Amino acid sequence: MYKIESIQALRFFAALLVVIDHTLLALTSAGSLPSSTNEVAWLLGEMGVYVFFSISGFIMLITNKERFGRDRAIGDFLVRRIVRVAPIYWLFTTWVVLSSIINADPITLEQTWKSYLFIPVANTLGQMRPLHGVGWTLNYEMLFYGVFAATMALRFRTGVIAVLAALAGFVFAGCVLRTPFDLGEPQGLLEVWTSPILLLFGLGVLIGLARFRFGVVAWPISPWILGAAMILPLIAFYLKGDPLSVWWRVFAAVTAAGVVTLAAFTRLPLGAVRLLVRGGDASYSLYLVHTFVIGTLSRRLPDLAGHQPVLFFLTAVSASIAAGFLTRAIIEKPLTRLFWAGATHLHSALGLNRAPKRPPPPPSIHPDGA
C-alpha cells in the first residue's frame, strides 16, 4: 500500500484536533467551560482542517503524476475518489436523515439531496453546512477533485499550472463577493466555492512538486514534533492575547503548510510508525463518527459534561478514537470494497475496454478526506 508514514501520523493528529475542537464546544455548551473557550476550539479545529486540505493537495499530486495526459484519466480519477470518499459519508448522512425524521427535526428535500451530492446548502441556522455538519469540508474536497480531474487531460506540468491557476482564480473571484479571509460563515454557494480556504489545496500541490524536485530527507522526526507544531497558532494566540482575526487564520494556514512540508520531507522512527499509521488510516472514520459520539455522551451524561469537564473531555476523546478505529474496521473498509466491486461491474457492463485500475486507498484527506 502506498503510504507516507509521517503524513499518516499527521492525518491522525489533524483528526484529533477536530475531535478536541468539538469536545470543547460541547463543554462550553454544557456550561462547564467559559464561552471564551470557543475561540480556542475554533482555532484547533481550523488548524486540523487546514492540515487536512494541505495533505489532500499533496497526496493528489504525488499519487497521480503518471496519470496526467493519459486516456480516461479524468474518469478513472473521479471513480477512485468517489468510491473512496462517498460511501461511508452517505451512510452517516442517511443516519442523520433517519434521526431527523424520527425526532421530527426540520430538514428539507433540498438539504437532503444536496448533502448527498456534496453541493453546499444552507442549514436551518443559515450556515452553508450539509446535514452531517462535518461534511462541509468534503464539499471543498469534491470541488478540488473536480478541478484536479479537469486538468488531468493535460500533460503533467501544464496540468499542475492549470490546477494552481484555477484555485487562485476562484479565490480572486471570491474577493469580489466578500472581504478576503473573512472569519464569518460564507453566505451562498458562490462564496463557498470561492473561499480562500481553497488555497490550502494549492499549497499542498506545491509541497508535492517540491518533494518531486528535492526528494526526501533521511532524518527521522519524532511524531510529537509534528503534533506540537500544529498547536503553534494556539500558543501564539495565548501569548499575544488578541481576539481572533484574519491574521490568525493566515498564521494557521502557513503553519499547516509548514507542518505538512516537514512531514513530506522526513520519516518517522520505526518505533512510532505502527500505531500512528493505523490512526491515520482511521482518521476519515474518526472525522465522520466523532460528532455522533460526543453528542451522545453529552445527552446521556449531562452531569459529567456540566460539572466534571476534564473527565468528560478524556471520556469523549477516548471514545471517539475507539469509535473511529471500529468504524474503519467494520464499516468503512467493507463498504469501500463493496462500492469498488460495484463500480468495476458497472464498468464491465457498459462494455468499456478495461476497468479502472484499482489503486490502494492513498492517504489523502479529508478528508479521505479530506
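The values are calculated or read from the model by the stated rules, or taken from the named source; none is laboratory data. Here the structure is a predicted model, which is why all the values come from computation and not from measurement. So basically every Cβ, Gly included, is an ideal-geometry build from the backbone, and we count neighbours across all protein chains shown. Accessible surface is based on the protein model in full, side chains and every heavy atom, while ligands, DNA and RNA are left aside. Shrake-Rupley method; radii C 1.70, N 1.55, O 1.52, S 1.80 Å.
What's the magnitude of the charge dipole for segment 1-106 around its Cα centre, counting Lys and Arg as +1 and Asp and Glu as -1 at the beta-carbon? Answer in Debye, nearest 20. Walk me through the numbers on the way to the answer.
Details: 9 positive and 8 negative charges, 121 e Å.
The calculated dipole for segment 1-106 is roughly 580 debye.
If you split all Cα-Cα distances of segment 189-316 into 5 Å bins from zero, what percentages do you get per bin, shortest first?
Per 5 Å bin, starting at zero, the Cα-Cα P(r) for segment 189-316 comes out as 2, 8, 11, 13, 17, 19, 15, 9, 4, 1, 0, 0 percent.
Given N residues in segment 16-65, what is its alpha carbon radius of gyration divided by 2.2 N^0.38 Å?
Numbers: Rg = 14.8 Å, N = 50, 2.2 N^0.38 = 9.7 Å.
In units of the globular-protein estimate, segment 16-65 measures up at 1.52.
So what is the calculated 222 nm ellipticity per residue for the chain, using -39500 (n - 2.57) for each DSSP H run with n of 4 or more, over all residues, to the nearest 500 deg cm²/dmol?
Working: 16 runs with 256 residues, N = 370.
Calculated at 222 nm, the ellipticity per residue is -23000 deg cm²/dmol.
Rg to Rh ratio, segment 90-213, alpha-carbon atoms and Kirkwood radius? Could the numbers behind the result be given before it?
Working: Rg = 16.7 Å, Rh = 15.9 Å.
With Rh from the inverse mean 1/r over Cα pairs, Rg/Rh is 1.05.
Considering only Leu109, Leu78, Thr124, whose Cα is most displaced toward the positive end of the charge dipole of segment 69-135, charges sitting on Cβ of Lys, Arg (+1) and Asp, Glu (-1)?
Of Leu109, Leu78, Thr124, it is Leu78.
How do Leu190, Leu232 rank by accessible surface area computed with a 1.4 Å probe, from largest to smallest? Walk me through the numbers before you get to the answer.
Working: Leu190 110, Leu232 85 Å².
The ordering from most to least exposed comes out as Leu190, Leu232.
Which value, in debye to the nearest 20, gives the size of the charge dipole of segment 147-228 about its Cα centre, when Lys and Arg are +1 and Asp and Glu are -1 at the Cβ?
Numbers: 5 positive and 3 negative charges, 99 e Å.
Dipole about the Cα centre, nearest 20: 480 debye.
In debye, nearest 20, what is the charge dipole magnitude of the chain about its Cα centre with +1 on Lys and Arg Cβ and -1 on Asp and Glu Cβ, if you could check? Write down the numbers at each step before the final one.
Working: 29 positive and 18 negative charges, 304 e Å.
The calculated dipole for the chain is roughly 1460 debye.
Using only alpha-carbon positions, what ratio does the radius of gyration of segment 6-117 give when scaled by 2.2 N^0.38 Å?
Details: Rg = 18.6 Å, N = 112, 2.2 N^0.38 = 13.2 Å.
So segment 6-117 has a normalised radius of gyration of 1.41.
Mind ordering 130-141, 203-214 by average Cβ neighbours within 10 Å, highest first? It would help to have the intermediate numbers written out before the result.
On the way: 130-141: 22.4, 203-214: 18.2.
So the peptides 130-141, 203-214, ranked by packing, come out 130-141, 203-214.
Of Leu43, Ala149, Thr344, which is farthest on the positive side of the dipole of the chain, counting Cα position, with +1 on Lys and Arg Cβ, -1 on Asp and Glu Cβ, and the Cα centre as origin?
About the Cα centre, the residue reaching furthest to the positive side is Thr344.
For Val121, what charge total do you get from the other residues with a beta carbon under 15 Å from its beta carbon, if Lys and Arg give +1 and Asp and Glu give -1?
Working: positive: Lys114, Arg129; negative: Glu110, Glu185, Glu191.
Combined, the nearby Lys, Arg, Asp and Glu give -1.
Using only the Cα atoms of segment 72-141, construct the convex hull and provide its projected area averaged over every direction, in square nanometres to one decimal.
For segment 72-141, the mean projected area of the Cα convex hull comes to 4.8 nm².
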